[in-house]
Structures are given as C-alpha cells and as structure tokens.
Amino acid sequence: MFFDSSNNIYRVIVVGVLAYAGLVLLLRISGNRTLSKMNSFDLVVTVAFGSTLSTILVSKDVSLAVGLVALALLIVLQLVITWCSVRSSLISDIVKTTPTVLLLDGQLRQDDLKRVRITSDEVLAAVRQHGHGHLRISMQ
C-alpha cells in the first residue's frame with residue numbers, strides 16, 4: 001500500500017546519500033562561483049541541479065554514475081558560460097541582467113518599477129525583510 005518493496009526504499013536512501021555527497025563534492029571542486037550570490041542564470045542552473053538530483057533519487061532508469069556525470073556536466077557548463085561572460089560582453093549581456101535602481105534619494109522610481117514589473121509594496125516588503133521598519137518615501 002505505501003511502497004512496492006523495501007528494495008526501492010533502500011535504493012533511494014543509498015543513492016540519495018551518495019548523490020548528495022557527490023553533488024556537494026562537485027560544487028566544492030567547482031569553486032565559490034557556483035555557490036555565490038545568484039543571478040538569473042545561476043538560478044536556472046540551481047533548479048537544474050535540483051531536478052537532476054531528484055531524477056537520480058527516484059528513477060531506476062538513471063544510475064548513480066550517469067546522474068553524477070549529469071551534475072558534473074551542469075557545473076562544467078556553468079563554468080564555461082561564466083568564463084566566457086567574463087571575456088565577452090555579448091555573452092555577459094545574454095546571461096546576466098543589469099541592476100535597476102528602484103529607489104533613489106528616498107523616491108521610488110515608478111517608471112523603473114513598471115519596467116521591471118515590481119510593485120512599490122514588493123519593494124517595501126523587501127526593505128522590511130532586511131530589517132528596516134519603514135522608509136519615508138514619496139511617489140514620483
């Protein structure tokens with residue numbers, strides 16, 4: 001009723017521990033860039049890590065070795081893209097977004113808020129989340 005056989009549970013436990021350890025090892029080998037503050041490109045890679053790890057855990061069709069190779073491939077691709085983006089402004093523009101100033105001199109920049117599709121309430125919630133009770137702002 002709750003599971004087909006105990007072998008499936010043992011497989012998930014053993015493969016899960018090994019795959020997790022392998023992912024941690026691969027991330028440590030790849031350096032700080034993989035674990036640093038994320039931009040949108042890094043977020044996509046992180047979601048791909050999670051999806052790949054999940055597939056390794058629950059799919060009998062994917063061996064641990066194949067799964068670890070897939071994780072290593074994602075890390076290598078991320079390193080190649082970041083290496084190229086440091087050396088090419090075209091690639092950097094493709095994979096990275098430029099920051100947008102939403103609050104300047106105590107004023108919310110409404111045109112920029114609309115352009116990036118963020119509400120003033122979301123900005124204020126982020127400010128509160130970072131430990132500030134409120135901002136004295138005026139709307140443009």
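Summary table below
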{"quantity": "Among [x] 188; [y] 104; [z] 156, the entry that matches volume of the Cα convex hull per residue in Å³ as calculated here", "calculated": "[x]"}
{"quantity": "Magnitude of the charge dipole, the chain, Cβ model with Lys/Arg +1 and Asp/Glu -1, debye to 20", "calculated": "220"}
{"quantity": "Order of exposure, largest accessible area first, which applies to Leu124, Leu113 with probe 1.4 Å", "calculated": "Leu124, Leu113"}
{"quantity": "Residues of the chain: accessible area per residue with a 1.4 Å probe, Å²", "calculated": "72"}
{"quantity": "Long-range amide H partners of Leu108 with built H, under 5 Å", "calculated": "Ser138, Gln140"}
{"quantity": "Ranked order, Leu18, Leu79 - accessible area, probe 1.4 Å, largest first", "calculated": "Leu18, Leu79"}
{"quantity": "Under 5 Å, built H, 5+ apart or other chain: amide partners of Ile118", "calculated": "none"}
{"quantity": "Which of Arg117, Arg87, Arg109 is most accessible, then next, and so on - probe 1.4 Å", "calculated": "Arg117, Arg87, Arg109"}
{"quantity": "Accessible-area composition of the chain, carbon plus sulfur, in percent [1.4 Å probe]", "calculated": "64"}
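The values are calculated or read from the model by the stated rules, or taken from the named source; none is laboratory data. No experiment lies behind these values; they were computed from the predicted model shown. Every residue, glycine as well, gets a Cβ built from its backbone with ideal geometry; the counts of neighbours run over all protein chains shown. Note: accessible area is taken over every heavy atom of the protein model, side chains too, but ligands, DNA and RNA are not part of it. Shrake-Rupley method; radii C 1.70, N 1.55, O 1.52, S 1.80 Å.
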